[in-house]
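Colleague: Submitted below is the structure of interest, expressed as structure tokens.
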Amino acid sequence: MSDSPADPDARLLAVEVTAVRYRVPDGDFAVLSGLTDDGDEVTVTGPLAHLQAGESAEVGGQWRRHAKHGWQFHAAKVRVLEPVSSQALIAYLSSIKHVGKRGAAWLVEQHGAGVLAVVDADPRGALGKVPGIGRQKVGAAVRSWEDQVEQRAMRLFLEEHGVPAAAAGRVVRHVGVGALDELRADPYALTELEGIGFATADTLARALGTAPDADGRLDAGLVHALQLAEADGHCFLPRAELLARTERLLGTDAAHRVDALVLGGRLVVEEDRVAEARMWNTERKLARLVRALVDDESQLEVARRERELTSFKPTDAQWTVVTNVLEHRLSILTGLPGTGKSASMRALVDVLKANKRSVRLAAPTGKAARRLAESTGADATTIHRLLEWAPDGGFTRDEENPIEGADVLVVDEASMLGVQLACALMDAVGPRTHVLLVGDPDQLAPVGPGRVLEDLIDSGAIPTVRLTEIFRQAARSMIVRAAHAINAGEHPPTKPREDDIHDFFLMARDEPSQIFAEVCDLAAERLPRHYGVQPHEVQVLAPMHKGPLGIDAFNDALRARLNPDGEKVPGTPFRLGDRVLQTKNNHEEELMNGELGVLVSHDAERATVIFAADDGRRLRLPVRATETLRLAHAISVHKAQGSNMGVVVMPLTRSHHMMLTRNLVYTAITRASKATVLVGEPAALGIALGRRDAHTRHTRLAALVG
């Protein structure tokens, strides 16, 4: 509708659905046309995909005015009402399998307004009499009726107990319509389902009368607190810390339930450490796999080991990298930017090729893999593709089906490896394959539990080369010099020397409004024009999401400047032309967490979009898959790890002080290939330089391997 609603402040509408204008396949979102009790035509949007034309619902939400589509009522709560009119009854019955409009009209004609009660009392008897159904079809019709009844009952049950409509849709999809009794008995079982959090389960449980100190609630709280800790990077928590976190979450003490969860196999306790059994076993298995590689003899027979086999003259340290790989099943290469890590890998590839030995190269992200291939002259892939993910059951490469065609496996950007991915990778290493892990532990810790590369170095059990010499060409780059200075806790140079490549800039601005305007101008216009790149090749990296200098604010402003008129993709918050970021691993679509790209087209009939990834791939995604995308004109530094951008712009402000560390700034400035610009308060940079990443991760890997 375009006219103003009768009451723009209304928060509740009773609506009869007249048409479904758009519905996300296998999702919750829909756009509906309807009539209110007063006969007004309205457009309603929200988690309404379960509604059909002819049905009535009570929706709670608020009116909003869309720039293109006019006034729309955005629903947050939905309660389906029993159909009353003949038209509504026919529409409802038509959705039953094999009934159709003619059969629905026949049922209403036979039984009148009480038709639903008649069918409910004897579904087989009532539906079996519908013309055209007969014995062969009546069973499917009855099952369809029962499913619809149960779904309505499930949604009504969830709505009455305070579960938001969007969460209710996810619950119905995850647990099915026949699980109402199970939900009543154990609402905390919802916490085991992806996409449904503890808060939803706790809301339902408390509404059902679960006591604050009920064993089920305490157990779910303890497990959830450990899962939150894993999201912070921990593999376990000290008992006292776990209990404190759980008490803040639940408002009550859960100490006496720890031992019960241990007896039930959910948790593991060792001395003062408490972990989920799954994470505990994964970290232990990873340590066993690593130790087996360390203890094994070399399996690589190489007749020719002369430095002359390489395409350049490696330094002694770089040659040590090569000999370590040839002589040990597992070795590590680390070093700051400009110290020759890529050249060392190239030397290794040269020697292996000269000896007709196979090498496979992998990295956590597509862009990192592409950069690895360019620098070594050998094919590279992502770790997930190397391990061959199967949508129906995880990685297909493992101990029983190891990675093939790899006398040597080189894994770049290994600082991004968390415990689960590292364990899957090591499990798939063949009995004769040698492994080289390459990375920089001075970058930010990986997203997810563990700090694998740092722990393996700290174990002292694995041959490790740390390159320190900055090569002459690299030393000309002010980004490289700035990175080394920041890593040492020193202020970076800002004035170029003779022959320097002036690719690092520090622009002092004191007021938040000045910083914001400067970053937006640089990203949208000045830097693309100066460096001859497209705006999407300029990446804003910010420490935090919220606030006047947060990621969300930059995304809103930059989208308004760079893509103001992009065609809206129905059922999503996106427009064609938006730069977007994948926020979770989507193995089925081969789109991994942290991958960047642009939405370039939309196919309404097939309900798909084309995602043009930065690594050159063009992926056709179901519209429902955009639920895990976010705007990415600005992103977090964590999400930028493993990626290489043309130009990086980073705001620095003391309001971000909780996040400011030298690891954060160091990681940000080393993402750029052409230039990095820091904009903000010099004092904020000083705060970052004074602090290394203060977040200690609770892990056992170093001790288990050492």
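The values are calculated or read from the model by the stated rules, or taken from the named source; none is laboratory data. Quick caveat, the model's predicted, so the values are computed rather than measured. For neighbour counting, all protein chains shown are included, and Cβ atoms are generated from backbone atoms with ideal geometry for every residue, glycine included. When the accessible area is computed, the model is the full protein with side chains, heavy atoms only, and any ligands, DNA or RNA have been set aside. Shrake-Rupley method; radii C 1.70, N 1.55, O 1.52, S 1.80 Å.
Colleague: How big is segment 73-123 in terms of Cα radius of gyration and Dmax, in angstroms?
Modeller: Taking only Cα atoms of segment 73-123, I get Rg and Dmax of 12.4, 38 Å.
Colleague: Suppose each label sits 7 Å from its Cα in the direction of the beta carbon; what would the Val149-Ala517 distance come out to in nanometres?
Modeller: Placing both labels 7 Å along Cα→Cβ, they lie 6.7 nm apart.
Colleague: On to the next question. Which aspartates and glutamates does Lys495 reach when only Cα atoms under 16 Å apart count, and residues fewer than 8 places away in its own chain are ignored?
Modeller: Asp503
Colleague: Sticking with this structure for a sec: Any idea what diffusion coefficient segment 277-429 gets from Stokes-Einstein, in µm²/s, Kirkwood Rh on alpha carbon pairs, 25 °C, 0.890 mPa s?
Modeller: Diffusion coefficient, whole number: 151 µm²/s.
Colleague: Could you bin all the Cα-Cα distances of segment 372-485 into 10 Å bins starting at 0 and give me the percent of pairs in each, rounded to whole numbers?
Modeller: Pair shares across the bins are 12, 37, 36, 13, 3, 0.
Colleague: What's the carbon and sulfur percent of the chain's accessible surface, probe 1.4 angstrom, rounded to a whole number?
Modeller: 48
Colleague: Further question on the same structure: Taking a cut-off of 17 Å between Cα atoms, list the aspartates and glutamates near Lys68, but don't count ones fewer than 8 places away on the same chain.
Modeller: By straight Cα distance, Lys68 reaches Asp3, Asp565, Glu567.
Colleague: Which one of Gln148, Ile501, Ala214 has its Cα pushed farthest toward the positive end of the charge dipole of the chain, where Lys and Arg give +1 and Asp and Glu give -1 at the Cβ?
Modeller: Ile501
Colleague: Could you tell me what a quarter of the Cα convex hull surface of the chain works out to, in nm² with one decimal place?
Modeller: 35.9
Colleague: Can you work out the FRET efficiency for the pair Ser311 and Arg288, with r the C-beta to C-beta distance and R0 = 41 Å, to the nearest 0.05?
Modeller: 0.60
Colleague: Quickly work out the Glu270-to-Glu400 label distance, labels modelled 7 Å from Cα along the C-beta direction, and quote it in nm with one decimal.
Modeller: 2.7
Colleague: Grab the Cα-Cα distance for Arg466 and Glu605, subtract it from 0.36 nm times how many residues apart they are, and report the gain in nm with one decimal.
Modeller: 44.6 nm
Colleague: Measuring from centroid to centroid over Cα atoms, what is the spacing of segment 350-389 and segment 245-260 in Å?
Modeller: Result: 47 Å between the Cα centres.
Colleague: May I ask for the distance between the Cα centers of segment 266-323 and segment 618-655, given as a whole number of Å?
Modeller: About 31 Å separates the Cα centre of segment 266-323 from the one of segment 618-655.
Colleague: If you average the alpha carbon positions of segment 54-83 and of segment 546-617, how far apart do those two centres end up, in angstrom?
Modeller: 26
Colleague: Rounded to the nearest 5, what % of the DSSP beta bridges within segment 247-400 are antiparallel ones?
Modeller: Percentage antiparallel, nearest 5: 65.
Colleague: What Kirkwood radius, in Å to one decimal, follows from the Cα pairs of segment 329-370?
Modeller: Hydrodynamic radius (Kirkwood, Cα pairs) of segment 329-370 is 11.9 Å.
Colleague: So how strong a dipole does segment 415-530 carry about its Cα centre when Lys and Arg Cβ are +1 and Asp and Glu Cβ are -1, to the nearest 20 debye?
Modeller: Numbers: 11 positive and 17 negative charges, 70 e Å.
It works out to roughly 340 debye.
Colleague: With every protein chain kept in the model, how would you rank Asp202, Asp295 by accessible area, 1.4 Å probe, largest at the top?
Modeller: Asp295, Asp202
Colleague: I would also like to ask the following. Simple spin-label model, 7 Å along Cα-to-Cβ: Lys568 to Glu498 in nm?
Modeller: With each label point 7 Å from Cα toward Cβ, the separation is 6.1 nm.
Colleague: Something else now. What order do you get for 677-689, 456-468 when each peptide is scored by the mean count of other beta carbon atoms within 10 Å, highest first? If you can, show how the numbers build up before the last one.
Modeller: On the way: 677-689: 20.3, 456-468: 18.0.
Sorting 677-689, 456-468 by mean packing, highest first, produces 677-689, 456-468.
Colleague: Then there is this: So how much slack lies between Asp9 and Glu241, counting 0.36 nm per residue of separation and subtracting their Cα-Cα distance, in nm? Kindly include the intermediate steps, with their values, before the conclusion.
Modeller: On the way: separation 232, 0.36 × 232 = 83.52 nm, distance 4.60 nm.
Answer, rounded to one decimal: 78.9 nm.
Colleague: Using the structure shown, list the pairs from Lys568/Lys674; Lys137/Lys584; Lys341/Lys584 with a Cα-Cα distance above 31 Å, or answer none. Please list the in-between numbers first.
Modeller: Values: Lys568/Lys674 33 Å; Lys137/Lys584 42 Å; Lys341/Lys584 29 Å.
In this structure, Lys568/Lys674; Lys137/Lys584 lie more than 31 Å apart at Cα.
Colleague: If you average the sequence gap of Cα pairs under 8 Å that are 6 or more apart and divide by the length of the chain, what percent do you get for the contact order?
Modeller: 10
Colleague: Which order do the peptides 576-587, 33-44 come out in when sorted by mean C-beta neighbours inside 10 angstrom, highest first? Write out the running numbers ahead of the final one.
Modeller: On the way: 576-587: 19.5, 33-44: 15.7.
So the order, starting with the most tightly packed, is 576-587, 33-44.
Colleague: Ranked from highest to lowest mean number of other Cβ atoms within 10 Å per residue, what is the order of the peptides 250-260, 219-229?
Modeller: 219-229, 250-260
Colleague: Once you have the Cα-Cα distance between Arg206 and Asp253, take 0.36 nm times their residue separation minus that, and quote the gain in nm to one decimal.
Modeller: 15.2 nm
Colleague: Suppose all protein chains stay in the model; what accessible area per residue would a 1.4 Å probe give for the chain, in Å²?
Modeller: The answer is 44 Å² per residue.
Colleague: Using a cut-off of 13 Å between alpha-carbon atoms, which aspartates and glutamates can reach Lys313, once sequence neighbours fewer than 8 places away in the same chain are excluded?
Modeller: Those aspartates and glutamates meeting the cut-off are Asp350.
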